[in-house]
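This report refers to the structure that appears directly beneath it.
The values are calculated or read from the model by the stated rules, or taken from the named source; none is laboratory data. All of these numbers come straight from a predicted model, not from anything done at the bench. Cβ atoms come from the backbone with ideal geometry, glycine included; neighbour counts cover every protein chain shown. Ligands, DNA and RNA are excluded from the accessible area calculation, which covers all protein heavy atoms including side chains. Shrake-Rupley method; radii C 1.70, N 1.55, O 1.52, S 1.80 Å.
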Amino acid sequence: MTMDKDAVGASGAPFTLEVERGKIAEFARATHGADPAYFRPERAVVPPTFLTTILFWETLVEGANPWARLKMDQQRGMHAEQEYEFHGPPPRAGDRLTCTSKVTELYEKAGRRGGVLTFAVMVTEFRDATGKLVATAKMTGVETERAPDEGGATGGGK
């Protein structure tokens, strides 16, 4: 395993996501969202994957994203899965959410062409002004032990 096991439990600094009506509409258009709730002039509702936009907000706060602590080799790493869970109604335009990300898991599975696969999971919590948990995002990344063409390749279609 080349990822740093000590990163499990690492939390990033809290940061704020301002849910803006115009950004909701832009995101909905970009993802071909057609629900009229995304385009309401008052309190537009976010599309389910809108929370991905935290990537723009977390860069404004140093130390907000603990993912770098994993030290994943970007030559052999990739995004494996993204999941969102809403704990009530989805956020709406005008909401101000406090977000905190934490590396929660690191585990291995046997692979074939790339050797052992190391998975890392980061969970981001989204809380409203009262501290109530509004949503959770779970991101999973994977790193292969070696590049698939570095020996051990099994022909698979060539």
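Name the residues in segment 48-71 that are open to solvent by less than 70 Å² (accessible area, probe 1.4 Å) and over 15 Å from the mean Cα position of the chain (by Cα), would you?
Looking only at segment 48-71, we keep the residues that are open to solvent by less than 70 Å² (accessible area, probe 1.4 Å), and these are 49-54, 57-58, 61, 63-67, 70.
Selection gives Val61, Gly63.
Determine which member of the set Ala129, Ala137 is closer than 28 Å to Pro14 by Cβ, at pLDDT 70 or above and either under 16 Å from the mean Cα position of the chain (by Cα) or open to solvent by less than 10 Å² (accessible area, probe 1.4 Å) (or both).
Among Ala129, Ala137, only Ala137 is closer than 28 Å to Pro14 by Cβ, at pLDDT 70 or above and either under 16 Å from the mean Cα position of the chain (by Cα) or open to solvent by less than 10 Å² (accessible area, probe 1.4 Å) (or both).
Give the residues of segment 72-104 that are open to solvent by 80 Å² or more (accessible area, probe 1.4 Å) and farther than 30 Å from Val45 by Cβ, sorted by residue number.
Within segment 72-104, Gln74, Gln75, Met78 meet the criteria.
Here is a list: Thr31, Thr2, Thr16. Which entry is within 18 Å of the chain's Cα centre (by Cα) and open to solvent by 60 Å² or more (accessible area, probe 1.4 Å)?
Unique residue meeting the criteria: Thr31.
From the list Lys71, Lys102, Lys109, exactly one residue is without any contact (Cβ under 8 Å) to a residue 12 or more places away in the chain and among the basic types (Lys, Arg). Which is it?
Just a single option satisfies the conditions, and that option is Lys109.
Would you say Gly12 is farther than 23 Å from Thr118 by Cα and of a type outside the set (Phe, Trp, Tyr)?
Judged against the criteria, Gly12 is not a match.
Return yes or no: is Phe27 in contact with a helix residue (DSSP H, G or I) (Cβ under 8 Å, 6 or more places away or on another chain), outside any loop (DSSP other than H, G, I, E, B) and not β-branched (Val, Ile, Thr)?
Spelling it out, Phe27 is indeed in contact with a helix residue (DSSP H, G or I) (Cβ under 8 Å, 6 or more places away or on another chain), outside any loop (DSSP other than H, G, I, E, B) and not β-branched (Val, Ile, Thr).
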